[in-house]
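Colleague: Pasting in a structure now, in structure tokens, and then I'll have a few things to ask.
Each reported figure results from applying straightforward, stated rules to the coordinates on display, with no laboratory input. Small disclaimer: the values here were computed from a predicted structure and weren't measured. Note that we place each Cβ from the backbone using ideal geometry, even for glycine, and neighbour counts take in every protein chain shown.
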Amino acid sequence: MRALVVDDSSAMRAVLRMILRRQEFEVMEAKNGLEALEMLPGIQPPDLILIDWNMPAMNGFDLLQRVRQDERYLPSKVIMVTTESSAAGMSSALAAGADEYIMKPFTPDMVVDKLHMVGL
Ligand SMILES: [Mg+2]
């Protein structure tokens with residue numbers, strides 16, 4: 001299984017990478033939505049895309065919309081990673097095609113639960 005972690009925080013990417021590797025994912029990383037969009041055509045479509053909500057250059061919601069407009073990524077599960085302050089946006093994220101969301105701060109078990117909820 002392949003995962004793409006998109007987050008502007010290198011510390012957050014490291015935490016998510018560790019959790020996902022324990023679940024046998026091969027993990028790729030991008031530091032904002034723009035970088036993710038540039039990276040995606042050059043890699044095999046990920047089984048999972050974890051998208052931080054708040055990022056410079058291109059935020060998580062814009063990236064979600066771009067990903068869901070591209071049929072190559074229809075099979076990819078998308079989980080948004082959000083803070084309480086952006087929780088209000090989660091209904092629009094789910095309407096835009098996100099499969100699930102994770103609220104920060106989270107524990108490794110919470111992430112694994114969400115993976116199971118989306119069938120991974
Ligand atoms: Mg962020």
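Colleague: Dipole magnitude of the chain about its Cα centre, charges +1 at Lys/Arg Cβ and -1 at Asp/Glu Cβ only, in debye to the nearest 20? Write out the running numbers ahead of the final one.
Modeller: Details: 12 positive and 17 negative charges, 25 e Å.
Here the size comes out at about 120 debye.
Colleague: What Kirkwood radius, in Å to one decimal, follows from the Cα pairs of the chain? Could the numbers behind the result be given before it?
Modeller: Working: mean 1/r = 0.0720 Å⁻¹.
Result for the chain, one decimal place: 13.9 Å.
Colleague: Can you tell me the length gained on complete extension of the stretch Glu26 to Asp70, counting 0.36 nm per residue apart and subtracting the Cα distance?
Modeller: Values: separation 44, 0.36 × 44 = 15.84 nm, distance 2.21 nm.
Here the segment from Glu26 to Asp70 would lengthen by 13.6 nm.
Colleague: Roughly speaking, what is the stretch gain from His116 to Ala95, that is 0.36 nm per residue apart minus the C-alpha to C-alpha distance, in nm to one decimal?
Modeller: Working: separation 21, 0.36 × 21 = 7.56 nm, distance 2.04 nm.
Contour length minus Cα-Cα distance gives 5.5 nm.
Colleague: Next question. Could you tell me which GluC sites (Glu not before Pro) in the stretch 1-49 are loop residues by DSSP with no more than 10 other beta carbons within 10 angstrom of their beta carbon? Walk me through the intermediate numbers first.
Modeller: On the way: sites: Glu24, Glu26, Glu29, Glu35, Glu38; in loops: Glu24.
In loop regions of the stretch 1-49 (DSSP not H, G, I, E or B), the sparsely surrounded GluC sites (Glu not before Pro) are Glu24.
Colleague: Fully extended, how many nm does the chain gain between Ala88 and Ser9 (0.36 nm per residue separation, minus their Cα-Cα distance)?
Modeller: On the way: separation 79, 0.36 × 79 = 28.44 nm, distance 2.15 nm.
Extra length available between Ala88 and Ser9 comes to 26.3 nm.
Colleague: I'd like the Karplus ³J(HN,Hα) series for the stretch 16-33: coefficients 6.51, -1.76, 1.60, θ = phi - 60°, whole numbers in Hz, and an x wherever there's a Gly or Pro.
Modeller: Along the stretch 16-33, the couplings run 5, 4, 4, 4, 5, 5, 5, 9, 6, 7, 8, 10, 10, 9, 9, 9, 6, x Hz.
Colleague: Related question: With θ set to phi - 60° and the Karplus curve 6.51 cos²θ - 1.76 cosθ + 1.60, what are the ³J(HN,Hα) couplings of the stretch 44-49 in order, to the nearest whole Hz, using x for Gly and Pro?
Modeller: Once rounded to whole Hz, the list reads 5, x, x, 6, 9, 10.
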